[in-house]
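Undergrad: Got a structure for you, questions after.
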Amino acid sequence: MTAKHRIIQVGSYAGSPTANERLARDYDVVELWKYPDRKAALAEHGKGIDVLVTSASFGCTADMIEALPDLKAICSWGVGYETIDVQAALRRGVQVSNTPDVLTDCVADLAWGLMLAAARRIAYGDRFVRAGGWGQVHGSIPLGARVSGKKLGIVGLGRIGQAIAKRGAGFDMDVRYHSRNKRDDVPYAYEGSLVDLAAWADFLVVATVGGPGTHHLISRQVLEALGPKGTIINIARGPVIDEAALVQALQEGKLGNAALDVFEHEPKVPDALKANDNVVLLPHIGSATYETRRDMEDLMLQNLEAYLRTGKVVTPVSA
Ligand code: NAP
């Protein structure tokens, strides 16, 4: 029997159906999260290891890359990679892969779920019925807002942003977008100014990458431009929105609604958001369907196997 190939796994894939089992079945896995002293574990087990598997939640710092002198490939579960030091990896000639495309539809679907939940007060109405409010008070919950035919602004028209935009056609919505670069391959109007896009939109969906380049991109100015009837939806990364400014804009009535899958300091959610009935809150579940999580797992493992077989990952990340 040939010995299994030794790899390092940074964290336990609690949100993936069988990733831990499949990795443990096929590889000799150093389970880094089980060691109280990571640095010591890397020093003890790091030599000779050429593959590390991780995710955006677990990350991979420059220090970890440095502590693995023989590292050649980082295979990540998920499309975002802002917590992986890709520059440090590429400088060392280490390939990095992620799992794009396979999660696009489910994340776009969830953005629409959030949009509808906020506008039509679905989560609020559910709480109201469960609490026995229906029939106890005169009337029902406050009126919501129509979605069909409205203006949809998208911040970041990448894979997920485009899938969200495409669904807008089914709701007869006028779609515009903002990103750093204007695209020539889409039928949507480009807005070079994010504040102008927010002022135009009824619904503003954030679908950019995370990381320092988009930190607090959705500022107080953007939120106030969206205005008291506007709704912000975030399925990208929490820190893309200035959360303190969001809380304040909602409290002061300068922004209508917020529907959020991601937060600035996950899993912490500000009490002011929890207390506000104009806010819909989800626990970062954009890709959390059985089918998509399985596809993400498959693609991460394909990258790992392809690297070992051919020396090249299938879906590489560039800087
Ligand atoms: P993608 O195809 O790379 O698209 C990212 C988009 O962000 C690009 O269109 C890019 O356009 C834009 N962008 C980057 N920096 C920007 C900036 N400073 N201002 C405005 N736009 C900017 O990525 P994707 O596959 O659509 O995924 C997008 C993100 O969704 C991921 O990175 C991840 O953080 C998040 N995500 C969340 C969940 C969840 O569970 N909620 C699940 C999956 C993914 P330009 O380069 O032209 O600016």
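The values are calculated or read from the model by the stated rules, or taken from the named source; none is laboratory data. Worth saying up front: this structure is predicted, and the values here are computed from it rather than measured. Every residue, glycine among them, receives a Cβ derived from its backbone with ideal geometry; neighbour counts consider all protein chains shown. Side chains included, ligands, DNA and RNA excluded: accessible areas come from the protein's heavy atoms. Shrake-Rupley method; radii C 1.70, N 1.55, O 1.52, S 1.80 Å.
Undergrad: Filter the stretch 85-104 down to the residues that are part of a helix (DSSP H, G or I), closer than 23 Å to Lys47 by Cβ and of a type in the set (S, T, N, Q) and list them by number.
TA: none
Undergrad: Would you mind stating whether Gly139 is at pLDDT 95 or above, farther than 20 Å from Met173 by Cα, in a loop (DSSP other than H, G, I, E, B) and away from the ligand (no atom under 16 Å from the Cβ)?
TA: No, not satisfied.
Undergrad: So, one more: Any residue in the stretch 78-103 that's touching a residue at least 60 places away in the same chain (Cβ under 8 Å): show its pairings with residues that are open to solvent by 50 Å² or more (accessible area, probe 1.4 Å) and within 16 Å of the ligand (Cβ to nearest atom) at Cβ separation under 6 Å, as long as the two are six or more apart or on different chains.
TA: Val86/Ala319; Gln87/Ala319; Leu90/Ala319; Gln95/Pro316; Ser97/Pro316; Asn98/Tyr81; Val102/Asp295
Undergrad: Would you please name the residue that is most open to solvent (accessible area, probe 1.4 Å), looking only at residues in the stretch 22-42 that are over 18 Å from Gly78 (Cα atoms) and among the charged types (D, E, K, R)?
TA: For the stretch 22-42, the residue satisfying everything is Lys39.
Undergrad: Are any residues in the stretch 204-253 more than 16 Å from the ligand (Cβ to nearest atom), more than 21 Å from the chain's Cα centre (by Cα) and either crowded, with 18+ Cβ neighbours inside 10 Å or under 16 Å from Asn278 (Cβ atoms) (or both), and if so, which ones?
TA: Glu224, Gly227, Pro228, Lys229, Gly230, Gln248, Ala249, Leu250, Gln251, Glu252, Gly253
Undergrad: Can you pull out every residue in the stretch 110-123 that is open to solvent by 50 Å² or more (accessible area, probe 1.4 Å) and not hydrophobic (A, V, I, L, M, F, W, C)?
TA: Arg120 - this is the single residue of the stretch 110-123 that is open to solvent by 50 Å² or more (accessible area, probe 1.4 Å) and not hydrophobic (A, V, I, L, M, F, W, C).
Undergrad: Is it the case that the stretch 3-11 has a residue that's modelled with pLDDT under 95 and surrounded by fewer than 17 Cβ atoms within 10 Å (Cβ to Cβ)?
TA: yes
Undergrad: So which residues in the stretch 262-278 are more than 20 Å from Ala145 (Cβ to Cβ) and crowded, with 16+ Cβ neighbours inside 10 Å, if there are any at all?
TA: Val262, Phe263, Glu264, Val269, Pro270
Undergrad: Turning to a different aspect of this structure: Can you work out which of the residues in the stretch 106-120 that are more than 11 Å from the ligand (Cβ to nearest atom) and touching a residue at least 60 places away in the same chain (Cβ under 8 Å) is nearest to the chain's Cα centre (by Cα)?
TA: Among those that are more than 11 Å from the ligand (Cβ to nearest atom) and touching a residue at least 60 places away in the same chain (Cβ under 8 Å), it is Met115.
Undergrad: So, of the residues in the stretch 43-58 that are of a type in the set (Gly, Ala, Ser) and more than 26 Å from the chain's Cα centre (by Cα), which turns out to be most open to solvent (accessible area, probe 1.4 Å)?
TA: Ala43
Undergrad: Are any residues in the stretch 153-203 within 8 Å of the ligand (Cβ to nearest atom), of a type outside the set (Gly, Ala, Ser) and open to solvent by less than 70 Å² (accessible area, probe 1.4 Å), and if so, which ones?
TA: Val155, Leu157, Ile160, Gln162, His178, Leu194
Undergrad: May I ask you to verify whether Ile65 is over 28 Å from Arg237 (Cα atoms) and within 27 Å of the chain's Cα centre (by Cα)?
TA: In short, no.
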